[in-house]
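Just below is one structure, and these are the notes that go with it.
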Amino acid sequence: GESVGLHLPTLSVQEGDNSIINCAYSNSASDYFIWYKQESGKGPQFIIDIRSNMDKRQGQRVTVLLNKTVKHLSLQIAATQPGDSAVYFCAEKDSGYSTLTFGKGTMLLVSP
Amino acid sequence: DGGITQSPKYLFRKEGQNVTLSCEQNLNHDAMYWYRQDPGQGLRLIYYSQIVNDFQKGDIAEGYSVSREKKESFPLTVTSAQKNPTAFYLCASRRDLLTDTQYFGPGTRLTVL
């Protein structure tokens, strides 16, 4: 499969732990943020998104937190499972554009 | 994959040849995008189209061309002018101008021999 994880920061956790993946951004004009999960050799899969008028949004086992003061985005995964092992990307959108700018990603490794 | 198909999954090309990657969506989405992914890097935008018969260059359009003759199709041609075409190519779509979420296809791995 595609070695998208080459040279990426890696987070290793045990099954059942909570995982936190972080993302920093620099554009103060960004008004939309999104997290994707990508398994080896596959296309990115949408996880959760958040707009800049919110600080927190929850989904099933996932929570996204947005701190606009320090330009920081995080993805929290509760009760991490081996199937959560993948590369996780954040992306942002400038309010004046219709395109996304992607981060390089973090590899999450979950041990049974 | 949500109704976005890319074909073929693996593609091999000899240097100097043009090759076209297919992207089809049955989601009735207005906008479509092409990205390139290299190991250890974020996705980089090649071209995008927000409406039929219109498209815009992304950050790395040199050596690539696209067309958008139908709403559901957005083929990408990798030309011989692209100096380093070996990569994983991803197509995405977005419903309309009022939404921002992009959904991705399964990707095509292009290898230049």
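A few comments on the model shown:
- Point-to-point label distance, A:Tyr97-B:Glu15, nm (Cα→Cβ direction, 7 Å offset): 3.3
- Chain B - percent relative contact order, Cα under 8 Å, separation 6 or more: 36
- Computed from Cα atoms alone, the Kirkwood hydrodynamic radius reported for the range A:63-108 is 12.4 Å.
- For A:43-49, mean number of other protein chain Cβ atoms within 10 Å: 6
- Under conditions of 4 °C and 1.567 mPa s, chain B yields 93 µm² s⁻¹ as its translational diffusion coefficient, taking Rh as the Kirkwood radius over Cα pairs in the Stokes-Einstein equation.
- Average partner coverage of A:80-91, which counts Cβ from other chains inside 10 Å: 1
- Computed with the Debye formula from one identical point scatterer per Cα of the protein assembly as shown, without solvent, the log10 of I(q)/I(0) at q = 0.09, 0.12, 0.14 Å⁻¹ comes to -0.36, -0.65, -0.88.
- Distance violations [Cα-Cα > 22 Å] among A:Lys104/B:Lys70; A:Lys42/B:Lys57; A:Lys104/B:Lys14; A:Lys93/B:Lys57; A:Lys68/A:Lys93: A:Lys104/B:Lys70; A:Lys42/B:Lys57; A:Lys104/B:Lys14
- For the range A:42-85, trypsin sites (Lys or Arg not before Pro) are listed when DSSP marks them as loop and at most 16 other Cβ atoms sit within 10 Å of their Cβ; the list is A:Arg61, A:Lys68, A:Lys71.
- Antiparallel DSSP beta bridges within the protein assembly as shown, as percent of all bridges there, nearest 5: 90
- Bridge orientation summary for chain B: considering DSSP beta bridges with both residues in this region, about 90 percent are antiparallel.
- Per-residue ³J(HN,Hα) for the range A:82-99, Karplus 6.51 cos²θ - 1.76 cosθ + 1.60, θ = phi - 60°, Hz, x for Gly and Pro: x, x, 7, 4, 4, 9, 10, 10, 9, 9, 9, 10, 6, 4, x, 9, 10, 10
- When Rg and the Kirkwood Rh are both derived from Cα coordinates, the Rg/Rh ratio for the range A:40-90 amounts to 0.99.
- The separation of the range B:1-53 from the range A:65-112, counted between C-alpha centres, amounts to 22 Å.
- Column: log10 I(q)/I(0), Debye, Cα scatterers of chain A, q = 0.09, 0.21 Å⁻¹: -0.22, -1.15
Here, each number is a calculation from the coordinates, and none is a lab measurement. Fair warning: this is a prediction, and the values are worked out from it, not measured in the lab. All Cβ positions, glycine included, derive from the backbone under ideal geometry; neighbour counts span all protein chains shown.
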